[in-house]
Amino acid sequence: MVHLKVDISKAVEFVTGEETARFQAEISRHRKSLYNKTGKGSSFLGWVSLPGSISESLFLQLEGDAAKIRHMSDVVVVCGIGGSYLGARAVIDALGNPFQPLLPKTHKSDPAIIYAGHHLDENYTARLLNLLDTVNYSVIVISKSGTTTEPAVSFRLLKNHIEKKYGTAEASKRIFAITDANKGALKNLATAQGYSTYVIPDDVGGRYSVLTPVGLLPVAAAGFNIRKIIEGAFAMETHLRTSENLSENQAATYAVARNILYRKGKTIELLAGYNPSLNFLIEWWKQLFGESEGKDNKGIFPAGIGLTTDLHSMGQYIQEGLRNIFETVLAIENTQAVVEIPVDPADLDGLNFISGKRINEVNRMAKLGTMMAHIDGGVPNLEISIPDLNERNIGELIYFFEMACGLSGYLLGVNPFDQPGVEAYKKNMFALLNKPGFEKESADIRKRL
Ligand code: PA5
């Protein structure tokens, strides 16, 4: 049984039941391509059966290393970019306490997770290294290719720092590498230094890798239950695999609705969360759909908003700007914490009309009110909801989005599992930095500057 629900009824003016039903045959064909590995990008479909195939020995290795990391670290630095960064951060931010790094030491049982290798900012790097002078830490370095510049630069600095701080032998016990089984600079380095190493399966692309050690080791080190995440993902895998009928298959329903909207000129999708802890899940979703669909001069542009915060910045545009937007609300029904708005006898702020109500009730009304306003303004609304923000439901959500993205990419007619466009900036950067092998590109680009 799955807990996640998809509701497209609020977009009925743009997506009718009849239109949706016409996609049944096409969806069946694309589902077959995904499960039989016969469609575009078929060598990168390892994620399809991943949740059901994680072995007990891998769980034990991940949990064992996570326990070691937690024991020896106040801070864990997770070094990676793109698919080797966003998934772990999405889950850790969604489940974690945002104030955890500020808690007094006596109240802390979990290490703080901080990130490196996801940009090239020198100030951030300097401050990070200064912080690491003062705390006990370990490093999880993640790169499938093992050659991506941003994490490679960052890891060179981290390796240098940790070896100076602890000595080479102890440093090697504090570094955990997640990379390709055989190739790449990181693989060579990890083997030479004897780091504890995990493999990213060949047939799982970066943005589909959160349910491999890429996401699971940092998440376990942060103190979350990775078995529950996989349990949720597996429940969703099983449910989607057995739901041939489009109206029962949530991933297909979402994929079809967004493609109908796209064909009607709604070229931008806003994924809207009403909980700040979802902000990085939205970032992960942006990468998943943006990198999968934005090619061949087509694709829905995935944008994210955090509400109600962004109603005070983007709200005007969404309500009355160019009508090329649709919105998908990512709703969490319940909160674990309870905070009621107190009564104030003087009522000088005029808020007694909501006194006694929980903040979540006010948030729910804000969500409903916003949905109605946006629908009235010509912004079709879809809703994806889970009852609670916990490990199991996050697992469902991750697998749901991955399958929806694969189906949606096939409906769009692109290969959702490659990313040829990402190479363009790298080529220019290497040319400008005079990387050996880029002499001709270097001469060409300098003429254009
Ligand atoms: O989804 C992808 O393939 C990319 O976003 C990669 O994850 C990103 O470029 C990082 O690559 P790597 O893991 O090889 O360092």
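Just so it is clear, none of the values below were taken in a lab; they were calculated from the coordinates. Since the structure is predicted, the reported quantities are computational estimates derived from the model, not experimental observations. Reconstructed Cβ throughout: ideal geometry from the backbone, glycine too, with neighbour counts over all protein chains shown.
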query: Non-local amide H neighbours of residue 382 (under 5 Å, H modeled in plane, Pro and chain starts lacking H): which ones?
result: 327, 328, 329
query: Which ³J(HN,Hα) values in Hz, rounded to whole numbers, follow from the phi angles of the stretch 47-60 under the Karplus curve 6.51 cos²θ - 1.76 cosθ + 1.60, where θ = phi - 60° and Gly and Pro get x?
result: 5, 4, 10, 5, x, x, 10, 6, 7, 4, 5, 5, 4, 5
statement: Taking only C-alpha positions in the stretch 36-150, Rg and Dmax in angstrom work out to 17.0, 55
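So which GluC sites (Glu not before Pro) in the stretch 225-322 pass both tests, a DSSP loop state and at most 15 other Cβ atoms within 10 Å of the Cβ?
Numbers: sites: 231, 237, 244, 248, 269, 283, 291, 293, 320; in loops: 244, 248.
Sites meeting the loop and neighbour criteria: 244, 248.
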Quotient of C-alpha Rg and 2.2 N^0.38 Å, computed over the stretch 136-196: 1.02
- prompt: Using all Cα-Cα distances in the stretch 115-163, what percent lands in each 10 angstrom bin from 0 up to the longest?
  reply: 25, 59, 15, 0
query: How large is ³J(HN,Hα), in whole Hz, for each residue of the stretch 336-346 in order, when computed from phi with the Karplus curve 6.51 cos²θ - 1.76 cosθ + 1.60 and θ = phi - 60°, using x for Gly and Pro?
result: 6, 7, 10, 10, 9, 7, x, 6, 10, x, 6
message: Using only the Cα atoms of the chain, what are the Rg and Dmax in Å?
response: 23.1, 76
field: Antiparallel DSSP beta bridges within the chain, percent to nearest 5
entry: 10
statement: For the stretch 221-228, Karplus-derived ³J(HN,Hα) couplings (6.51, -1.76, 1.60; θ = phi - 60°; whole Hz; x for glycine and proline) come out as 5, 6, x, 9, 8, 6, 5, 5
task: Sorted from largest down, give the three principal axis spans of the alpha carbons of the stretch 361-438, whole angstrom values.
output: 59, 33, 29
task: Could you list the chymotrypsin sites (Phe, Trp or Tyr not before Pro) in the stretch 63-172 that lie in coil according to DSSP, counting only those with at most 16 other Cβ atoms within 10 Å of their Cβ?
output: 99
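Output the Kirkwood hydrodynamic radius of the stretch 292-429, Cα pairs only, in Å rounded to one decimal.
Values: mean 1/r = 0.0542 Å⁻¹.
Roughly 18.4 Å, rounded to one decimal.
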